[in-house]
Amino acid sequence: MKLHDDIHNYYEKLLIDEIEKQKIEDDYDNDTLADFCCTALNQLPARYIRFEVDMAFYSSQSERLEMEQRVRDAIAFAKAAVAKRGTTDE
């Protein structure tokens, strides 16, 4: 078993999905985007899974909505942190 191949934090997927939805990758260079993701993920709890289907099966709709809101809040926090650094490509 390779831990990095078999197990991952479900919040990583939710974060990437929301970044794509908000088109955040258009706002930052690759290094800043990586820092942005680390900052956002550090605001979120770990939720380790092996398979995406596990989350769909074992999570209630309200739990899923709460997780999505946590991701949006973490993104807002990361945007503010990056803005303080002044390292956007604007």
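Okay, here's what the table says:
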item	result
Members of the range 23-40 found to be over 16 Å from Arg72 (Cα atoms) and either modelled with pLDDT of 95 or more or not aromatic (Phe, Trp, Tyr) (or both), listed by number	Asp26, Asp27, Asp29, Asn30, Asp31, Thr32, Ala34, Asp35
Residue that is modelled with the highest pLDDT, among those in the range 1-11 that are outside any loop (DSSP other than H, G, I, E, B) and over 17 Å from Ala56 (Cα atoms)	Asp6
Residue in the range 1-17 that is aromatic (Phe, Trp, Tyr) and under 16 Å from the mean Cα position of the chain (by Cα) present	yes
Selection from the range 18-29 of residues that are of a type outside the set (Val, Ile, Thr), in contact (Cβ under 8 Å) with a residue 40 or more places away in the chain and in a helix (DSSP H, G or I)	Glu18, Gln22
Count of residues meeting criterion [open to solvent by 50 Å² or more (accessible area, probe 1.4 Å) and either not in a helix (DSSP H, G or I) or not hydroxyl-bearing (Ser, Thr, Tyr) (or both)] in the range 55-79	16
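Quick grid of which residues meet (1) in a helix (DSSP H, G or I); (2) of a type in the set (Lys, Arg); (3) exposed (fewer than 10 other Cβ atoms within 10 Å of the Cβ); (4) in contact with a Gly (Cβ under 7 Å, 6 or more places away or on another chain):
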{"residue": "Lys13", "(1), (2), (3), (4)": "yes, yes, no, no"}
{"residue": "Asp31", "(1), (2), (3), (4)": "yes, no, yes, no"}
{"residue": "Cys37", "(1), (2), (3), (4)": "yes, no, no, no"}
{"residue": "Gln43", "(1), (2), (3), (4)": "no, no, no, no"}
{"residue": "Val53", "(1), (2), (3), (4)": "yes, no, yes, no"}
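The values are calculated or read from the model by the stated rules, or taken from the named source; none is laboratory data. All values reported here derive from a predicted model rather than from experimental measurement. Positions of Cβ are backbone-derived with ideal geometry, glycine not excepted, and every protein chain shown enters the neighbour counts. SASA here: full protein model, heavy atoms, side chains in, ligands and nucleic acids out. Shrake-Rupley method; radii C 1.70, N 1.55, O 1.52, S 1.80 Å.
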